[in-house]
Amino acid sequence: MDDPFDTAEQIADLVEEAGGRVEARDEQAATDGEPGSASMTLRIPADRVSATLDALDELGEVRDRHVETVDVTGTAQDLDARIEALRTSTDRLRELMADADRTSDLIEIEAELSTRQAELDSRVSERNRLSDEVAMSTLHVEIVAEGSPAAQAQPGGFLGGLSAGWSALVTTFNVVVLVLGAIIPWLAVAGVVLLVVVGVRRQIARNRPTLPPTATPGPAPAPAD
């Protein structure tokens, strides 16, 4: 596709026709050496996913595709059971609050009812989100242009050589920095080890006992006549 922005518009129209919606959309204009691109997060009715994928194939070349299915049956059943239990509990607390005679009992029951009702509302909201996820599938689409006009207009001649030379210099500098960063920690460790060895040798030399000087033998006596 030559224009990712135009393709994104076509995809948005396609999603709306399928009864879905665009939840997120990000577009990036072409820069030097980088083609234009766009990314979209789509919500599609579950029964229209296959048809939508087929329609996307006609808008451009599909390079990668990943489809994942998640079974949420167990989660839905667990939420339904919790919601039913909380509703029964809140109904019972309301009955107790209506029959309460003492103010202290009324306050205690009302506080517990407020806690149970908040938990019930949270579970119901979670169940609604889960129902939406079951009814609507999520598609993440990345759109990239086939070529970049900016990349095709790279300067030649002296300016092109200067640009290439500068890029090579920067690359070499980065490699040198990387090598130094890898070597310096080892040099530091080697320096510490060397200092320890020198200190130990000095300590051994300092603790070594001093031997008395060896007597030098004098000249042998001359033989008697």
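The values are calculated or read from the model by the stated rules, or taken from the named source; none is laboratory data. Please read all numbers here as calculations on a predicted model, not as lab measurements. FYI the Cβ positions are ideal-geometry reconstructions off the backbone, even for glycines, and counts take in every protein chain you see. With ligands, DNA and RNA removed, areas are computed over all heavy atoms of the protein, side chains included. Shrake-Rupley method; radii C 1.70, N 1.55, O 1.52, S 1.80 Å.
Looking at this structure, is ARG82 within 23 Å of SER131 (Cβ to Cβ), at pLDDT 90 or above, open to solvent by 60 Å² or more (accessible area, probe 1.4 Å) and not aromatic (Phe, Trp, Tyr)?
When the stated conditions are applied, ARG82 passes them.
Look at THR138 and say whether it is at pLDDT 90 or above, closer than 30 Å to THR7 by Cα and not in a helix (DSSP H, G or I).
no
Going through segment 7-43 one residue at a time, which ones are of a type in the set (A, V, I, L, M), open to solvent by 50 Å² or more (accessible area, probe 1.4 Å) and in a strand (DSSP E or B)?
Selection gives VAL22 alone.
Could you figure out which of (1) modelled with pLDDT of 55 or more; (2) touching an Asp or Glu at 6+ places or on another chain (Cβ under 8 Å) isn't true of ALA151?
(1)
Only one of GLU108, GLU68 is assigned to a helix (DSSP H, G or I) and not basic (Lys, Arg). Can you tell me which?
Sole residue among the options that is assigned to a helix (DSSP H, G or I) and not basic (Lys, Arg): GLU108.
Any idea which of VAL49, VAL62 is modelled with pLDDT under 90, surrounded by 14 or more Cβ atoms within 10 Å (Cβ to Cβ) and not in a strand (DSSP E or B)?
VAL49
Suppose we filter GLU34, GLU16 for residues that are farther than 25 Å from ASP121 by Cβ, of a type in the set (D, E, K, R) and modelled with pLDDT under 85; which single one remains?
GLU34
From the list THR103, THR69, which one is more than 15 Å from GLU142 (Cα to Cα), out of contact with any Phe, Trp or Tyr (no Cβ under 9 Å at 6 or more places or on another chain) and either modelled with pLDDT under 85 or open to solvent by less than 70 Å² (accessible area, probe 1.4 Å) (or both)?
THR69
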